[in-house]
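The values are calculated or read from the model by the stated rules, or taken from the named source; none is laboratory data. What you see is a predicted model, and the numbers here were worked out from it, not measured in a lab. Quick reminder, even Gly has a Cβ in these numbers, built from the backbone with ideal geometry, and neighbours come from all protein chains shown. The accessibility values were calculated without ligands, DNA or RNA, using every heavy atom of the protein model including side chains. Shrake-Rupley method; radii C 1.70, N 1.55, O 1.52, S 1.80 Å.
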Amino acid sequence: MALLPILRYPDPRLHTRATPVSLFDAELRQLVADMAETMYEAPGIGLAATQVNVHKRVVIIDISEDRSDLRVFVNPEIIVRSGEQSCEEGCLSVPGVYETVVRAENVTVRAMNERGEAFELEADGLLAVCIQHEIDHLDGKVFIEYLSQLKLGRIKTRLAKKARITA
Ligand code: NI
């Protein structure tokens, strides 16, 4: 296993649209294992392959307290969404920034696991938020892009200052 470097906003590679996985091979399982190690180490509760500069439709999520419930979504697709919820979100690609985003309260997602077995999952609350946040990454979208231009501008300025200090 290996830790993978995480792309940081505003890296333009975060805006790449990921392509579907067609080969469920050892390389894919290695990617999932490396992503899991990277997410747990960060630590975070979700990670999309886009964030580690692999532009394939792969997402992992673990919202459990004891990090014992790894969920793998390959080629995920939201087929039903309903309701509305506001949640304060953060992102490993935008460290230190937490902002409220409005998303669907309930989603049904259709996906495959890393062995190519299809499943459907109904999710609500935090899991539904995570699924939507991570699938957005696969489509090249970062959560702060839901904010107003004014707020986004302020965040960009703040991130640029921080980058200068840590560089
Ligand atoms: Ni994120």
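Within region 18-50, the set of residues being charged (D, E, K, R) and either under 13 Å from the mean Cα position of the chain (by Cα) or crowded, with 16+ Cβ neighbours inside 10 Å (or both) comprises just one member, D34. In this structure, Y98 does satisfy being within 16 Å of the ligand (Cβ to nearest atom) and over 24 Å from A18 (Cβ atoms).
Only a single criterion out of (1) away from the ligand (no atom under 16 Å from the Cβ); (2) assigned to a loop (DSSP other than H, G, I, E, B); (3) exposed (fewer than 13 other Cβ atoms within 10 Å of the Cβ) is not satisfied by V80, namely (2). Look at (1) of a type outside the set (V, I, T); (2) away from the ligand (no atom under 16 Å from the Cβ); (3) without any contact (Cβ under 8 Å) to a residue 40 or more places away in the chain and you find that G116 fails only one, number (3). Under the condition of being more than 30 Å from T166 (Cβ to Cβ) and among the aliphatic types (A, V, I, L, M), the residues counted in region 71-107 number 8.
Within region 1-35, the set of residues being hydroxyl-bearing (S, T, Y) and free of Cβ contacts under 8 Å to residues at least 24 places away in the same chain comprises just one member, S22. Here S86, S64 are screened, and the one residue that is closer than 24 Å to T38 by Cα, away from the ligand (no atom under 16 Å from the Cβ) and either open to solvent by 10 Å² or more (accessible area, probe 1.4 Å) or of a type in the set (S, T, Y) (or both) is S64.
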